[in-house]
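Please read the structure below before turning to the comments.
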Amino acid sequence: MSARSARFLKTATLAGLTSLALIACTSNTPEAKKTDGNATQAAAGSGSNDAPGQKVKIGFSAPAADHGWMGAITKATQAEAKKYSDIELIVAEGTNDVNLQISQVETFINQKVDAIVLLPFDGAALTPVAIKAMEAGITVVNVDREFDSTFAARTTILGDNKGMGISAGTYVCQEMKGKKDAVIAEIAGIDSLPLTQARSQGFKEALADCGLKVNNRVAAEFTVESGEKAAANLLQAAPKIDAIWNHDDDQGVGVMAAIKNSGRKEFFVVGGAGSANVMRDIKAGNTLLKATVIYPSTQGADGVRLARLLVQKKALGDLVEVEVPRLVQLYAPVVTKDNVDQYLPTAFES
Amino acid sequence: MGRNLGLVVALVLLCLVGIITAGDTFATGANVLTILRLAAVIGVVSIGMTFVITGGGIDLSVGAMVALASVWATTLATQQMAADFHWIFMVSTALLVGSACGLVNGLLVAYGKIVPFIATLAMLAGARGLAEIISDRRTQIISVNPFVDFFGGSLIGVPVLVWLFLIVAALGWVVLNRTTFGRRTFAVGGNAEAARLAGIKVQRHTVALYVLAGLCCGIAAVMLMARTTTGSSTHGQLYELDAIAAVVIGGTLLSGGRGTIVGTVFGVLIFTTLNNVFTLNNLSISAQSVAKGLIIVIAVLLQQRLAARGSTP
């Protein structure tokens, strides 16, 4: 949910209530949309969807919050659920043990919840129990890490890892302004993960478009100390750098520490994931951080909203299509000083 | 049953809380099976851990051994063999890998004279690293359907996983309480020097205990493979802590010489039921960890009282 629509939520809910009084709550008729459109611009089309409807019991389970982004997922999900009087959210303990996460989903099935929003620790490992939930008539919304069967979820919400790389690469190209001998460095996350490979692939392709390439590449492990180590090695290896893309803002805390220690200032840094402290640095403009690309930490919150729509048999407000889409892939925008205010409210604290 | 009275009371109390707060779901057959299925995997690991701890050792590598066994038993080569002949290949691979790791642990401790904490810490790092190398950190999906169908299915209304847990627990009880092997385990754990003077081959016995723990990890790996239809280097994370916690609150002395399989089973059931009750009531994520911590502290405090009473008869 964007900042503006959050601010207008109250108005939107009010508008929704008005339309509720006029028309049946599950209505998707054009008239209903028109009523909302008159009330407020920002929440146009979603007004009737925000109106309280049938009670929805949603179970939510995610991996352990051992990373700023993962912690933000659960927090954003809980905050979003609180905004709706018709949602009852049951949150299971965050865990990296697939055995425990499977039993949490089994417990949700026993509790006869209406929907399950699941960010699996391991998509493949949670697939069998997700299929079991779907067979029990429960709407499963898959978040961030994909199941390996299409029967395991009604809707899947994904970030865009390759898109992150493309966004970062395109931004670097713009800033280099045709400088052909620019030295570009990349600090990746855990190298063997498919998501890291996708990010690097996108970065490489976008750079190739303007005739640049990655000259120096190191990999960290998404933690502060690994970021510090990788960046220190990188700065040793490359005497002159023009731009660095760091995949992850959590490890970025360590990366910036290493850069500070080295006293180097000849390059700029683009972050990844989009943590609030990085955005504040970009806004202040007094560090080498000039931009970051977002990997939304609001995926779980979006999952809860879609689960609610699915159970209440409503459509996605601004689409003509009367069913909620099968797959929603979120965008990876570049955040710079110019547009940081738009993204700061939904950024995560690392 | 007398000395497990406290555990029975704790479990009954937990169940009462569950029935009062979420009776319509908690007291259903489906929910009981959910608790038992969760308890089964960690339960089998804990049975093996009970033997090692009773024998005066500790095994920090159980989670890593589960991961390595699950990965090794689901490689393309193993799955091909299983598909061509029988899924028993996957099962025996997992059991062999687990036992082999246990053997290395045992040899390092008994003959290498490395303290168990360090030897198994090395195995923890090594086995998980090897699992990552073999799997290239990717999740290996099991495509041998007969394997999944058998272990994921039910016999007489009870999941096969739960049967396996019951069988391992029953065998463990018989071996520990009704055989020479069991009596030697108590002797070695209580006082290794006295056991040696009494003619027990302490080193050989220690090796056997670690192999037993590794074998249990192999069985747990098979169960986890069936439950997730995958093998992965991330399986079994922190199982060593869960297992040690269950064994200790069950009443087995961390210093060795005293151990109880029944207590361990209750310990596992208490933790899994706690988990279930917290999830059913939508209680805070962190409160659950605090509750677990409290249970462990209370159990160990009680245990120390018992131990003190035991040493001054």
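The values are calculated or read from the model by the stated rules, or taken from the named source; none is laboratory data. Everything numeric here is computed off the predicted structure, so don't read it as measured data. Note that we place each Cβ from the backbone using ideal geometry, even for glycine, and neighbour counts take in every protein chain shown. The area values use the complete protein model at the heavy-atom level, side chains included, leaving out ligands, DNA and RNA. Shrake-Rupley method; radii C 1.70, N 1.55, O 1.52, S 1.80 Å.
Summed over qualifying helices (DSSP H, 4 residues or more, each -39500 (n - 2.57)) and divided by its residue number, chain B shows a 222 nm mean residue ellipticity of -26000 deg cm²/dmol. The mean count of C-beta atoms from other chains within 10 Å of the C-beta of residues in A:103-115, rounded to a whole number, is 6. How would the stretch B:172-313 be classified by its alpha-carbon gyration tensor: rounded, prolate or oblate, with rounded meaning a/c under 1.5 and the a/b versus b/c comparison settling the rest? Verdict is oblate for the stretch B:172-313. Summary value for chain A: 19 percent relative contact order, contacts being C-alpha pairs under 8 angstrom separated by 6+ residues. In sequence order, the stretch B:265-280 has phi-based couplings of 4, 5, x, 4, 5, 4, 5, 6, 5, 4, 4, 5, 4, 5, 5, 4 Hz under the Karplus curve 6.51 cos²θ - 1.76 cosθ + 1.60, θ = phi - 60°, and Gly or Pro positions carry x.
Residues in the stretch A:243-262 near a label at A:GLU175, defined as backbone nitrogen under 11 Å from the 7 Å Cα→Cβ point? Only A:243-246 fall inside the zone, counting backbone N under 11 Å. The distance separating the Cα centre of the stretch B:178-240 from that of the stretch A:281-307 comes to 48 Å.
Its Cα centre serving as origin, chain B has a Cβ charge dipole (Lys and Arg +1, Asp and Glu -1) of approximately 940 debye.
In the stretch B:222-243, burial by the other protein chains removes 10 Å² or more of accessible area from B:LEU224, B:ARG227, B:THR228, B:THR229, B:THR230, B:THR234, B:HIS235, B:GLN237, B:TYR239, compared with the chain on its own (1.4 Å probe, ligands and nucleic acids ignored). When peptides B:53-61, A:50-58, A:210-218 are sorted by average Cβ neighbour count within 10 Å, with the highest value leading, the order is B:53-61, A:50-58, A:210-218. Here the stretch B:261-289 and the stretch A:164-224 have alpha carbon centers that stand 45 Å from each other. Sorted largest first by accessible area at a 1.4 angstrom probe radius, with every protein chain in place, the residues A:PHE203, B:PHE117 fall in the order B:PHE117, A:PHE203. Normalised by 2.2 N^0.38 Å, where N is the number of residues, the alpha-carbon radius of gyration of the stretch B:52-157 equals 1.23. Amide H to amide H distances under 5 Å link A:GLY272 with A:ASP248, A:ASP249, A:VAL293, where only residues 5 or more positions off or on other chains count and H is placed in the peptide plane.
Between B:LEU238, B:LEU253, B:LEU95, the GNM of chain B built on Cα springs shorter than 10 angstrom shows B:LEU238 fluctuating the most. Neighbours of B:GLY106 by Cβ distance under 15 Å: Lys/Arg scored +1, Asp/Glu scored -1, total +3.
Partners of A:LYS260 within straight-line reach, counting lysines whose Cα lies under 30 Å from its Cα and excluding those fewer than 8 residues away in the same chain: A:LYS162, A:LYS177, A:LYS179, A:LYS180, A:LYS204, A:LYS213, A:LYS229, A:LYS240, A:LYS283, A:LYS290, A:LYS337. Could you look at the protein assembly as shown and say what percent of its accessible area is carbon and sulfur, using a 1.4 Å probe and all protein chains? Of the solvent-accessible surface of the protein assembly as shown, carbon and sulfur hold 63 percent. B:HIS205 contributes about 10 Å² of solvent-accessible surface, heavy atoms of the protein only, 1.4 Å probe. Descending by average beta-carbon neighbour count within 10 Å, the peptides A:286-299, B:224-237, B:128-141 line up as B:224-237, A:286-299, B:128-141, the highest first. Around the amide H of B:THR252, modelled in the peptide plane, lie the amide H atoms of B:THR260, all under 5 Å away and 5 or more residues distant in sequence or on another chain. Rounded to the nearest whole Hz, the Karplus-based 3J(HN,Hα) values (6.51 cos²θ - 1.76 cosθ + 1.60, θ = phi - 60°) of the stretch B:92-105 follow the sequence 5, 4, 4, 5, 5, 4, x, 5, 5, 4, x, 4, 4, 3, with x at glycine and proline. Measuring r between the beta carbons of B:ALA287 and B:LEU5 and using R0 = 22 Å, the FRET efficiency lands at 0.20. Only alpha carbons enter this Debye calculation for the protein assembly as shown, each as an equal point scatterer, and the log10 of I(q)/I(0) it gives at q = 0.07, 0.08, 0.09, 0.12 Å⁻¹ is -0.54, -0.69, -0.85, -1.28. Determine the relative contact order of chain B: mean sequence separation of Cα pairs under 8 Å and six or more apart, normalised by residue count, in whole percent. Answer for chain B is 34 percent.
For the peptides B:169-175, A:329-335, the ranking by mean Cβ contacts within 10 Å, running from highest to lowest, is A:329-335, B:169-175.
Based on Cα contacts under 8 Å between residues 6+ apart, the stretch A:93-224 shows a relative contact order of 19 percent. Once all protein chains are placed together, B:ARG305 keeps about 150 Å² accessible to a 1.4 angstrom probe. Counting Cβ atoms of other protein chains within 10 Å of each residue's Cβ and taking the mean over peptide B:33-40 gives 4. Semi-axes of the equivalent ellipsoid for the stretch B:2-307, computed as √(5λ) from the eigenvalues of its C-alpha gyration tensor and ordered from largest down, come to 28, 28, 17 Å. Peptide A:190-201 has a mean shielding of 1, counted as Cβ atoms of other protein chains within 10 Å of each residue's Cβ.
Model label points for A:GLN342 and A:ALA79, set 7 angstrom from Cα along the Cα-to-Cβ axis, are 2.0 nm apart.
The Cα-based radius of gyration of the stretch A:190-343, divided by its Kirkwood radius, gives an Rg/Rh of 1.06.
Of the residues B:THR93, B:TYR111, B:VAL45, the one whose Cα sits farthest toward the positive end of the charge dipole of the stretch B:1-139, with +1 on the Cβ of Lys and Arg and -1 on the Cβ of Asp and Glu, is B:TYR111. Remark: the protein assembly as shown carries a charge dipole of roughly 1260 debye about the Cα centre, counting +1 on each Lys and Arg Cβ and -1 on each Asp and Glu Cβ. Per-residue Karplus couplings for the stretch A:135-148, computed as 6.51 cos²θ - 1.76 cosθ + 1.60 with θ equal to phi - 60°, are listed in order as 5, 7, x, 9, 6, 9, 10, 8, 10, 6, 10, 6, 5, 9 Hz, Gly and Pro entered as x. For chain A, the ratio of Cα radius of gyration to the globular rule of thumb 2.2 N^0.38 Å stands at 1.07.
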